[in-house]
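One structure below.
The values are calculated or read from the model by the stated rules, or taken from the named source; none is laboratory data. None of the values given here were measured: they were computed from a predicted structure. Note that we place each Cβ from the backbone using ideal geometry, even for glycine, and neighbour counts take in every protein chain shown.
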Amino acid sequence: MAWTKESPKKIELVKEKAKENWNVSVSKDTIKRILKNENMSWRRIRKRVGGEPEPTEYQEKKKELKKLKKQEDRGEIDLIFF
């Protein structure tokens, strides 16, 4: 359990440490099952915001983005998405 607390997002590291220290090969599912038995949870991280945007705000943002794209086309600004 200490290994998972050191790197909670990387079960692969736990697999490697188990192999190095105990010479035992285990699967990710086995590690998750053990953690579940110890009342620890394993959840994925959401990569995007949930829910729908408010329609009026969404339309305003689209208009603003369109203006920014036009400014970039004219060479006035550098538009970068991230």
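For the criterion of being within 22 Å of the chain's Cα centre (by Cα) and modelled with pLDDT under 85, ARG46 passes. Within segment 70-82, not a single residue is of a type outside the set (Phe, Trp, Tyr), surrounded by fewer than 10 Cβ atoms within 10 Å (Cβ to Cβ) and under 20 Å from the mean Cα position of the chain (by Cα).
Do you know which of the residues in segment 4-29 that are assigned to a helix (DSSP H, G or I) and surrounded by 13 or more Cβ atoms within 10 Å (Cβ to Cβ) is modelled with the lowest pLDDT?
Checking each candidate, the answer is THR4.
Of all residues in segment 30-58, exactly one satisfies the criterion of being among the aliphatic types (A, V, I, L, M), surrounded by 10 or more Cβ atoms within 10 Å (Cβ to Cβ) and free of Cβ contacts under 8 Å to residues at least 12 places away in the same chain, namely ILE34.
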